[in-house]
Amino acid sequence: MKTTYLTTNEAIDPVFIFIFGASLVLLLGITAVMVYFVIRYRRSRSPEPTSTADGNLWLEIVWTVLPTLLVLAMFYYGWAGYLALRNVPEGAMEVNATARMWSWNFAYPGGRSGTKLYVPAGKPIKVNLTSVDVLHGFYIPAFRVKRDIVPGMTNHVWFTATKPGSYDIFCSSYCGTGHSAMITTVEALPEAEFAAWLKEGAAGEGAAHPGLALLEQHGCLGCHSTDGSLKIGPSFKNIWGRKTIVQSGAADRTITVDEAYLKRAIMEPNADVVKGFAPAMPPYQLKQDELNAMIGYLRGDTVAVAPKIDGKTLAQEKGCLACHSLDGSKGVGPTLKGLYGSQVKVTKGGKLLSITADAAFLKESIKEPGATVVEGYQPTMPPYPDLSDAEMNAVLKWLEELK
Amino acid sequence: MSITLQEQPTTDRGFWNDTGKTGIGSWIFSTDHKRIGLLYFYSVLGFFLVGVVLGLLLRLELMAPGRDLMSAQTYNALFTVHGVVMIFLFIIPGIPGAFGNMVMPIQIGAADVSFPRLNLFSWWLYVIGTVLVLLSLFTGGGAPDTGWTFYVPFSARTGTNVSLALFGVFILGFSSILTGLNFVTTIHRLRAEGMTWSRIPLFTWSLYATAWVQILATPILGITLVLVIAERMLGTGLFDAARGGDPIMFQHLFWIYSHPAVYIMILPAMGIISEIIPVFSRKPIFGYKMIAFSSLAIAAAGSLVWGHHMFTSGMSDTAVLVFSFLTFIVAIPSAIKVFNWVSTLYRGSISLDPPMLFALTFILLFSIGGLTGLILGAAATDVHVHDTYFVVGHFHYVMFGGTGFAFFAAMHYWLPKFYGRTYKTRPAVIAWGLMFVGFNLLYFSMKVLGMQGMPRRYYDYLPEFANLNMVATVGSWILAIGLVLMLVNLFKGLFKGAPFTGNPWGGATLEWSTPTPPPTLNFITEPVVTHGPYDYTALKHDVREADSGVTP
């Protein structure tokens, strides 16, 4: 497929050819002259030197100026090609990539995410790169693109997969034990197929069980396989009830994998390390319901239970309780105690109204708090538009219980 | 270390016995630059061999995909230690510490360096730093697994014993700074009568340029490493984005030293080549001034190109533009040197003795390394090959094919002078052939692997990279066999070989005018220099064959 802009391959490959070509000519020239001189002026044939020349100004000028011109040309083409890598073509599709030790996550507009980078063939793709821990590198050899992924900043690359197919993605910046296992692929699909894939949404890959989805989302599957193959950590296949030798400190002991062990292994991975594996896993702080969902999957539960969200925990995490008390006292905002269903005086659009604090009102107050402000309080609350429906329902349910 | 001779050679034993002192104390507390040079020589050679063994183990693991003989953690520690040992314990102190110390004071007609005790102290700092680095491998959380570049945030978080290793390298830095200081002072102050700046041999010129880099750049590494230790122990957050720090700042600080350090490694090697080529061609070096000047130009411009290690890091595109440009500028003086060396051969009388063989090989391997460096200097192409085996191949061509082969050339060129005995030529040539073949199989495969996209520091790799990895591993075996043969032949010759006297190759620099081995104070009478270092017409032919012992 021909594009209206230069693809990364079209921008980079000619520079390789130019520099390699010029270098090869130089190398062969130098080597040939050297070998010729060594043979022609060998001591058996040329017992005494026939020249005592110790320099020549013109030669020095020539072999200073010519290489200078040559390397300046290389510099220029190198720079021009680099600019092509930096300037993302109009209309590129954006994907957000998150790198962690030692897995990838690619999130698409619309909520779909996964560990492989699905893209439509023939369209420019811009990948925004962030890291949650150490330096990583995003490298697709097939498209000649690479960029370091630095914690605390967002880098990007762009590329176009002109033909459908599967292309390797490597982590190029050393990141510890699992560095060489931090590989995945670009899956370039024909445009229609890609659109269908994107629409499948959460029903697609990796979402068979919420626990599995969580394992994938947190990058566990980068090191632990589900099919019994050996990666950096032990496989999850048939893990439940397995008798395993672990090292706790210096001592070995045999344990049976159960809920208590798995929880400890996730939150304090270095306490008991399965024998034969390096203590390489970072500790994870997970919510109780997420942990339960993961363990449910590992236990082999077939019933897909959606992770239960606790409204109170969520309110704490989102920082609601910094301004809204639970005991009836007045804070920066009104107390949440008994709020649900009560009559409140509010200012809406400059008018003072008295309304019932029902679910609809509370929902609006969370998503768009500036719209209706309770009398006697400042309109200082930030909006929380990103709560999912499940989260919103959990919060409302909890507020109702607070009556 | 025991350096004893089986039988007395025909000549006086020079600095080996003219002080009347014997035993280990006469070596490890000696202030004689030649003894200190030999101390360095055996120390760095020992660590070179350690590094070689580690490298062979790495290649063995990479022979086939999957786990071959070690775990990923062990592999990561091994490549880190391979890098640290080779760079900080072998190649940076190598040529200046060993051959710089042995040869440089004699080349300028001095009895010793300016500060002989400081010189001994530098070697002791090297030993202390080395001990700390080695301790870090077996204590605490185990051998560092960060790579020799110690990039944050990984180096700030890993549980391995990074802090102690960093402190060891910090101490090694002081050794390097003090050697640089000593050499600059010596070259300025202790030149013999008539040793004008334009008569200084090019090896000494290269050490002079190197010494300035050692003095100016090494402190930055020291500070950077201390900052990483502070990050680990005190949680200062200097390099932690979550606390307002910047991981990329570390990379800048690290390469501000570590790129000029590349020139600490290669400049003295170029100096050795500039000595050997004219001697074995019996012709003055072509473009003496340009070679001396290009050493200084490389040292100066080389200090401004560190950012080319960071084209993909996320620094600004303007920085990429500037660093790419400066990188190409620093390529020019290197090219000038190569052209001048090759021109020196023209209409000479060339003899392919082992030092010359290694020196000519340097030109070829360094050219391959340097030309592939152009790919890395151009911003567009660097992006594809950065952090791949292409880079690994590139710097092994420059550092091993360049500096390593120059080190071997120097061993065959100067060590007989200091031992008074010499090696056999034929095994040396066979060893050279094996090493040349093994070297190219090993490192050229790496370059191709890099072009195909195999990232570096990979414990395991995809099946498409398997064939070339196998070739590289086989190459490493051939290279190792050649290396062992070379060393056995050389040391057998130095300790038991035929006597080596006089000036058999016809060198015109001052070290060839002193008795063999040189006496403790180097010269019997203070030399007066009346000609340039490559002026062979001043040398009578018969002088070449006889033991001169007098100033030419």
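The values are calculated or read from the model by the stated rules, or taken from the named source; none is laboratory data. Computed from a predicted model, the values in this text were never measured in an experiment. Glycine also receives a Cβ, built like all others from the backbone with ideal geometry; neighbour counts cover every protein chain displayed. Protein only, heavy atoms only, side chains kept; ligands, DNA and RNA dropped before computing areas. Shrake-Rupley method; radii C 1.70, N 1.55, O 1.52, S 1.80 Å.
List of remarks:
- With respect to the conditions (1) over 15 Å from the mean Cα position of the chain (by Cα); (2) more than 7 Å from chain B (Cβ to nearest Cβ); (3) closer than 18 Å to residue B:463 by Cα, residue A:184 lacks only one, and its number is (1).
- Total residues in the range B:136-165 satisfying the condition of being within 11 Å of chain A (Cβ to nearest Cβ) and either farther than 22 Å from residue B:257 by Cβ or assigned to a loop (DSSP other than H, G, I, E, B) (or both): the figure is 15.
- Close Cβ contacts (under 7 Å, 6 or more residues apart or on different chains) running from residues in the range A:306-317 that are modelled with pLDDT of 75 or more to residues that are among the β-branched types (Val, Ile, Thr) and in a helix (DSSP H, G or I) comprise A:311/A:395; A:314/A:395; A:315/A:395.
- For the range B:280-308, a residue qualifies if it is more than 24 Å from residue B:201 (Cβ to Cβ), part of a helix (DSSP H, G or I) and in contact with a Ser or Thr (Cβ under 8 Å, 6 or more places away or on another chain), and the qualifying residues are B:306, B:308.
- Conditions (1) without any contact (Cβ under 8 Å) to a residue 12 or more places away in the chain; (2) surrounded by 24 or more Cβ atoms within 10 Å (Cβ to Cβ); number of the one not met by residue B:408: (1)
- Complete set of residues in the range A:143-172 that are within 7 Å of another protein chain (Cβ to nearest Cβ) and outside any strand (DSSP E or B): A:144, A:150, A:151, A:152, A:153, A:172
- Search result, residues across the range A:44-53 that are open to solvent by 60 Å² or more (accessible area, probe 1.4 Å) and within 7 Å of chain B (Cβ to nearest Cβ): A:47, A:48, A:50, A:52
- Filtering B:324, B:349, B:303 for residues that are modelled with pLDDT of 95 or more, small (Gly, Ala, Ser) and either surrounded by fewer than 22 Cβ atoms within 10 Å (Cβ to Cβ) or over 19 Å from the mean Cα position of the chain (by Cα) (or both) leaves a single hit, B:324.
- Residues satisfying the stated conditions in the range B:369-383, i.e. in contact (Cβ under 8 Å) with a residue 40 or more places away in the chain and facing another protein chain (nearest Cβ under 9 Å): B:372, B:374, B:377, B:378, B:379, B:382, B:383
- Some residue of the range A:108-129 being without any contact (Cβ under 8 Å) to a residue 24 or more places away in the chain and more than 14 Å from chain B (Cβ to nearest Cβ): yes
- Just one of the listed residues (A:363, A:348) is under 35 Å from the mean Cα position of the chain (by Cα) and in contact (Cβ under 8 Å) with a residue 24 or more places away in the chain, and it is A:363.
- When the range B:484-509 is limited to residues that are open to solvent by 10 Å² or more (accessible area, probe 1.4 Å) and aliphatic (A, V, I, L, M), the one that is nearest to the chain's Cα centre (by Cα) turns out to be B:487.
- Selection status of residue A:188, modelled with pLDDT under 80 and closer than 28 Å to residue A:121 by Cβ: no
- On inspection, residue A:328 qualifies as in a loop (DSSP other than H, G, I, E, B), out of contact with any His (no Cβ under 6 Å at 6 or more places or on another chain) and at pLDDT 80 or above.
- Residues in the range B:306-318 that are of a type outside the set (S, T, N, Q), open to solvent by less than 20 Å² (accessible area, probe 1.4 Å) and touching a Gly at 6+ places or on another chain (Cβ under 8 Å): B:315 alone.
- When the range B:391-401 is filtered for residues that are crowded, with 24+ Cβ neighbours inside 10 Å and either of a type in the set (Ser, Thr, Tyr) or within 11 Å of chain A (Cβ to nearest Cβ) (or both), only B:397 remains.
- Residues of the range A:377-400 satisfying the condition of being small (Gly, Ala, Ser) and at pLDDT below 80: A:388, A:390
- Residues of the range B:291-300 that are more than 18 Å from the chain's Cα centre (by Cα) and polar (S, T, N, Q): B:294 alone.
- Of the residues making up the range B:413-435, those that are within 16 Å of residue B:517 (Cβ to Cβ) and either open to solvent by 30 Å² or more (accessible area, probe 1.4 Å) or not small (Gly, Ala, Ser) (or both) are B:413, B:414, B:415, B:416, B:417, B:418, B:419, B:421, B:422, B:423.
- Qualifying residue in the range B:261-279 (condition: within 14 Å of chain A (Cβ to nearest Cβ), touching a residue at least 60 places away in the same chain (Cβ under 8 Å) and open to solvent by 40 Å² or more (accessible area, probe 1.4 Å)): no
- In the range A:67-101, the residues that are surrounded by fewer than 17 Cβ atoms within 10 Å (Cβ to Cβ) and within 12 Å of another protein chain (Cβ to nearest Cβ): A:68, A:69, A:72, A:73, A:76, A:80, A:83, A:86, A:87
- Residues of the range A:262-276 classified as surrounded by 16 or more Cβ atoms within 10 Å (Cβ to Cβ) and over 18 Å from residue A:103 (Cα atoms), total: 6
- Of the listed requirements (1) in contact (Cβ under 8 Å) with a residue 40 or more places away in the chain; (2) open to solvent by less than 10 Å² (accessible area, probe 1.4 Å), residue A:170 misses just one: (1).
- Meeting the requirement of 1 or more residues that are crowded, with 21+ Cβ neighbours inside 10 Å, the helices (runs of 4 or more DSSP H) wholly within the range B:1-113 are B:33-61, B:72-84, B:92-95, B:101-107.
- Any pair with Cβ under 6 angstrom, 6 or more apart, that starts in the range A:1-27 at a residue that is more than 9 Å from every other protein chain (Cβ to nearest Cβ) and ends at one that is among the β-branched types (Val, Ile, Thr) and assigned to a loop (DSSP other than H, G, I, E, B): A:1/A:162
- The sole residue among A:3, A:64, A:7 that is open to solvent by less than 50 Å² (accessible area, probe 1.4 Å) and closer than 23 Å to residue B:369 by Cβ is A:64.
- Residue within the range B:173-190 that is away from chain A (no Cβ under 14 Å), under 25 Å from residue B:274 (Cα atoms) and outside any helix (DSSP H, G or I) present: yes
- Filtered by the rule that a residue be surrounded by fewer than 23 Cβ atoms within 10 Å (Cβ to Cβ) and within 17 Å of residue A:108 (Cα to Cα), the range A:130-157 gives A:130, A:154, A:155, A:156.
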